[in-house]
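To start, the structure under review is shown below, and the notes come after it.
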Amino acid sequence: MDFQPEKHNPFASRPGQIERRIEHTRSQLVRDIDELKAVVRENLNWRLQIDRHPRAAAGIALAAGLLLGLLMLPFRSRPRPIYV
């Protein structure tokens, strides 16, 4: 009985095909990573986001201003008595 690697491993007779498939997958992965980098770079560009969403940017700026204003108020541990 002769040992035939093709029956046990279907890829044994096609190393060239495997290498081409690996190279194709590698190049596709590089393109996908480059595309992902571009999308992330675009989404982190705050000027572009303000241009795209001006109302949201104005709302965030307003909320940040109010929060900073409240933080700058003097801190009181006891409420002041109210005189009538």
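Here is how the numbers come out for the structure above:
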| read-out | value |
| --- | --- |
| Verdict on Ile50 being of a type outside the set (Gly, Ala, Ser) and touching a helix residue (DSSP H, G or I) at 6+ places or on another chain (Cβ under 6 Å) | yes |
| Filter pass, Phe11 being modelled with pLDDT under 90 and in contact with a helix residue (DSSP H, G or I) (Cβ under 7 Å, 6 or more places away or on another chain) | yes |
| Boolean, Leu70 is touching an Asp or Glu at 6+ places or on another chain (Cβ under 8 Å) and outside any loop (DSSP other than H, G, I, E, B) | no |
| Close pairs (7 angstrom Cβ cut-off, 6 or more residues apart or separate chains): over 25 Å from Ala61 (Cα atoms) in region 23-50, charged (D, E, K, R) and exposed (fewer than 10 other Cβ atoms within 10 Å of the Cβ) anywhere | none |
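The values are calculated or read from the model by the stated rules, or taken from the named source; none is laboratory data. Just so it is clear, the model here is predicted, and its values are computed rather than measured. Ideal geometry is used to build each Cβ from the backbone, glycine not excepted, and the neighbour counts take in all protein chains shown.
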